[in-house]
Amino acid sequence: MSEVLVVVEATKEFGVKKVTLEMLTLARELGTPSAVVLGGAGAAEALSGKLGEYGAEKIYAAEGDEIDGYLVAPKATVLAELVKRVQPAAVLLASAQEGKEIAARLAVKLDNGILTDVVGLDADGTATQVAFAGSTIVKSKVTKGLPLVTVRPNSVTPAPAAAAPAIEQLSVSVTDTDKLAKVVERVAEQKGSRPELTEAGVVVSGGRGVGNADNFKLVEELADLLGGAVGASRAAVDSGFYPHQFQVGQTGKTVSPQLYVALGISGAIQHRAGMQTSKTIVAVNKDGEAPIFELADFGVVGDLFKIVPQAAEEIRKRK
Amino acid sequence: MNIVVLVKQVPDSGADRNLRNDDNTVDRGSANNVINEMDEYAIEEALKIKEAHGGEVTILTMGPDRATESIRKALSMGPDKAVHVLDDALHGSCAVATSKVLAAALGQLGADLVICGAESTDGRVQVMPHMIAERLGVAALTGARKLTVDGATLTVERQTEEGYEVVTASTPAVVSVWDTINEPRYPSFKGIMAAKKKPVQTLALADLGVAPDEVGFDGATSAVVEHTKRPPRSGGAKITDEGEGGVKLVEFLATEKFV
């Protein structure tokens with residue numbers, strides 16, 4: 001079976017991201033997964049255990065400041081060389097900012113088609129995508145080159161399959177043009193140890209109804225009790241209640257968790273665009289006519305400042 | 001500084017949007033078309049740079065005839081002129097081909113700085129800035145929530161999942177922006193009137209040296225095989241809190257095994 005390249009998404013703090021495990025699981029349906037680690041020095045060694053657990057038969061690594069110190073272009077150059085050499089059956093990247101950007105450059109370098117926000121991929125290369133805020137299901141194919149797809153987090157259930165991958169260091173030959181955009185500083189703003197928004201199985205979001213930044217503690221408390229991430233509607237972000245990187249919606253993140261809890265969110269189309277493919281949706285809002293209730297599997301009309309603390313207390317009792 | 005802003009006309013994301021049944025492309029004919037929202041932030045950022053450092057702001061749009069409406073709307077915010085890449089052969093173009101056309105147009109315009117929205121609300125593909133930068137061999141500073149211009153040096157704060165990165169490059173460069181970067185101005189009456197007289201140059205594929213079979217359906221590197229509408233979600237149980245709302249909520253979560 002031919003190789004399927006999976007470009008690894010990982011963070012220094014939490015290691016391999018869940019979407020990487022999803023991609024490895026998906027890759028096993030298509031061929032033999034090889035993980036590609038493009039990052040700082042020693043990254044592949046640190047990640048190899050987890051990658052092996054989920055079936056990576058081989059790990060290609062390109063590491064160091066030449067790779068990590070510039071914005072995506074060196075990664076695309078290394079990946080393009082690897083693709084030309086191993087002629088994989090497919091290349092999978094995460095459908096997040098950087099994954100899409102590397103894929104974009106790879107597509108131009110190889111004059112190859114690209115499919116983004118893929119939620120399923122058949123052995124014949126037919127991809128399933130969700131378009132227009134979840135309202136349309138699209139089946140599509142790369143018609144020139146190999147299937148180059150970015151996979152949306154929470155599309156596949158990761159399944160372990162033990163392998164013992166060896167690491168092959170790739171010789172790095174990035175050009176001066178690849179080094180035009182220099183990363184001079186990386187600043188962490190993520191709060192605490194909550195799961196990342198796009199990868200979380202549970203997302204608890206607050207909207208305008210939460211009232212102020214301080215009250216977001218309620219949202220955070222419920223999220224922590226459910227082991228989830230915290231999100232916010234655009235109205236809440238625009239009002240300064242919560243930072244922009246947690247915004248769910250048309251101009252923010254798209255999430256598709258098992259459970260989405262909307263607190264004080266009316267459900268404007270801007271917000272629905274980012275969350276309506278969630279498996280189960282629960283809403284609390286004081287306005288019984290709010291459009292969020294059209295989506296909610298369970299809705300409570302009432303005061304979230306009474307309902308949420310009571311729910312939190314009830315969850316604690318049951319634990 | 002010679003700044004070009006990429007503007008895309010998209011179907012209004014607040015209305016029902018569809019793919020066409022005949023050729024699987026985005027239905028732009030029957031939809032209410034608007035400027036891609038994120039592009040308004042790109043225009044605002046370009047105008048602010050021009051106001052601070054001088055120069056010229058040009059709108060670049062690839063799209064059908066009716067994209068003219070969005071070009072005039074964009075000009076009413078204050079840019080100096082526009083270029084509309086218009087050619088029937090472009091219909092059905094994929095992202096890879098689109099980047100080829102836009103890069104060819106940008107090559108002719110000789111931009112110091114290209115600014116665009118981080119993504120469009122129709123495709124949300126987010127690939128165009130890096131595709132264009134790759135073709136032009138210039139820097140791409142993408143996902144900016146803040147942009148500083150100091151002579152020929154650009155510095156952005158790039159929004160990431162974990163926080164932000166500070167990234168620098170020299171012009172020429174492509175910068176893409178999120179909606180956190182500024183607050184776009186509303187067109188003034190004077191701006192709207194002035195926009196009607198601003199020059200809009202139309203370029204065809206032949207003007208750009210791109211062959212018709214490199215774009216459109218013939219040149220596409222990917223294809224939609226089929227598409228279906230998902231049935232709209234229907235709401236489930238809705239209760240009114242009479243003192244037990246929180247408990248009932250948790251009972252529901254328990255039946256679904258979330259608690």
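Name the residues in segment A:271-287 that are more than 7 Å from chain B (Cβ to nearest Cβ) and within 19 Å of residue B:230 (Cα to Cα), would you? Result: A:271, A:272, A:274, A:275, A:277, A:278, A:279, A:281. The single condition from (1) of a type outside the set (Phe, Trp, Tyr); (2) touching a helix residue (DSSP H, G or I) at 6+ places or on another chain (Cβ under 7 Å); (3) within 8 Å of another protein chain (Cβ to nearest Cβ); (4) within 14 Å of residue A:233 (Cβ to Cβ) that residue A:311 fails is (4).
Residues checked against (1) within 19 Å of the chain's Cα centre (by Cα); (2) at pLDDT 95 or above; (3) closer than 21 Å to residue A:9 by Cβ; (4) charged (D, E, K, R):
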position	(1), (2), (3), (4)
B:121	yes, no, no, no
B:125	yes, no, yes, no
B:147	yes, yes, no, no
B:156	yes, yes, no, no
B:172	no, yes, no, no
B:194	no, yes, no, no
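Being more than 14 Å from residue A:204 (Cα to Cα) and more than 9 Å from chain B (Cβ to nearest Cβ) holds for only one residue in A:262, A:268, A:290, and it is A:290. Within segment B:1-38, the set of residues being away from every other protein chain (no Cβ under 12 Å) and touching a Leu at 6+ places or on another chain (Cβ under 8 Å) comprises B:1, B:2, B:3, B:4, B:5, B:6, B:7. Being within 14 Å of the chain's Cα centre (by Cα) and within 27 Å of residue B:38 (Cβ to Cβ) is a condition met by at least one residue of segment A:203-218. Scanning segment A:117-127 for any residue that is out of contact with any helix residue (DSSP H, G or I) (no Cβ under 8 Å at 6 or more places or on another chain), surrounded by 15 or more Cβ atoms within 10 Å (Cβ to Cβ), in a loop (DSSP other than H, G, I, E, B) and within 9 Å of chain B (Cβ to nearest Cβ) turns up at least one such residue.
Residues considered: A:228, A:206. Of these, the only one that is more than 14 Å from every other protein chain (Cβ to nearest Cβ) and in contact with a Leu (Cβ under 9 Å, 6 or more places away or on another chain) is A:206. Collect the residues in segment B:204-222 that are hydrophobic (A, V, I, L, M, F, W, C) and facing chain A (nearest Cβ under 8 Å), keeping them in residue-number order. If the condition is that a residue be hydrophobic (A, V, I, L, M, F, W, C) and facing chain A (nearest Cβ under 8 Å), then B:220 is the only one that fits.
When each of A:104, A:46, A:96, A:76 is tested for being within 20 Å of residue B:224 (Cβ to Cβ) and either touching a residue at least 24 places away in the same chain (Cβ under 8 Å) or assigned by TED's automatic domain parsing to the domain that holds residue A:157 (or both), the lone residue that passes is A:104.
Checking each residue in segment B:217-230 for being out of contact with any helix residue (DSSP H, G or I) (no Cβ under 6 Å at 6 or more places or on another chain) and among the hydroxyl-bearing types (Ser, Thr, Tyr) picks out B:222, B:228.
At least 2 residues being surrounded by fewer than 24 Cβ atoms within 10 Å (Cβ to Cβ) is the threshold, and among the strands (runs of 3 or more DSSP E) wholly inside segment A:24-114 those reaching it are A:32-39, A:58-63. Within segment B:214-238, restricting attention to residues that are among the β-branched types (Val, Ile, Thr) and touching a strand residue (DSSP E or B) at 6+ places or on another chain (Cβ under 6 Å), the residue that is farthest from residue B:99 (Cα to Cα) is B:228.
Conditions tested, residue by residue: (1) out of contact with any helix residue (DSSP H, G or I) (no Cβ under 7 Å at 6 or more places or on another chain); (2) among the hydroxyl-bearing types (Ser, Thr, Tyr).
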| position | (1), (2) |
| --- | --- |
| B:194 | yes, no |
| B:197 | yes, no |
| B:201 | yes, no |
| B:215 | no, no |
| B:232 | yes, no |
| B:237 | yes, no |
| B:240 | yes, yes |
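The set of residues in segment A:293-307 being under 28 Å from the mean Cα position of the chain (by Cα), closer than 17 Å to residue B:245 by Cα and either surrounded by fewer than 22 Cβ atoms within 10 Å (Cβ to Cβ) or more than 7 Å from every other protein chain (Cβ to nearest Cβ) (or both) consists of A:297 alone. Of A:211, A:227, A:240, all but one fail to be touching a strand residue (DSSP E or B) at 6+ places or on another chain (Cβ under 7 Å) and either in the same structural domain as residue A:266 (by TED's automatic domain parsing) or in contact (Cβ under 8 Å) with a residue 24 or more places away in the chain (or both); the exception is A:227.
Considering (1) among the acidic types (Asp, Glu); (2) touching a Gly at 6+ places or on another chain (Cβ under 9 Å); (3) at pLDDT 95 or above, the lone condition that residue A:81 does not fulfil carries the number (2). Only strands (runs of 3 or more DSSP E) whose full extent lies in segment A:134-248 are considered here, and the ones with at least 2 residues that are in contact with a helix residue (DSSP H, G or I) (Cβ under 7 Å, 6 or more places away or on another chain) and crowded, with 23+ Cβ neighbours inside 10 Å are A:148-151, A:202-206, A:229-232. Name the single residue that is farthest from residue A:298 (Cα to Cα) among those in segment B:228-259 being loosely packed, with under 13 Cβ neighbours inside 10 Å and more than 7 Å from every other protein chain (Cβ to nearest Cβ). Among those residues, the one meeting the criterion is B:231. Residues that are out of contact with any Asp or Glu (no Cβ under 7 Å at 6 or more places or on another chain) and of a type in the set (S, T, N, Q) within segment A:1-23 comprise just one, A:2.
Return yes or no: is residue A:158 in contact with a Lys or Arg (Cβ under 9 Å, 6 or more places away or on another chain) and either within 11 Å of chain B (Cβ to nearest Cβ) or of a type in the set (Val, Ile, Thr) (or both)? Here the answer is no, as residue A:158 does not meet what is asked. Scan segment B:171-187 and give yes if some residue there is farther than 18 Å from residue B:46 by Cβ and not hydrophobic (A, V, I, L, M, F, W, C), otherwise no. No: zero hits. Reported count of residues in segment A:170-225, each being at pLDDT 95 or above and at positive phi, is 1. Among the candidates B:166, B:225, the residue that is in contact with a Ser or Thr (Cβ under 7 Å, 6 or more places away or on another chain), closer than 30 Å to residue B:17 by Cβ, facing chain A (nearest Cβ under 7 Å) and not in a loop (DSSP other than H, G, I, E, B) is uniquely B:225.
The values are calculated or read from the model by the stated rules, or taken from the named source; none is laboratory data. Being a predicted model, the structure only gives us computed values, none of them experimental. Reconstructed Cβ throughout: ideal geometry from the backbone, glycine too, with neighbour counts over all protein chains shown.
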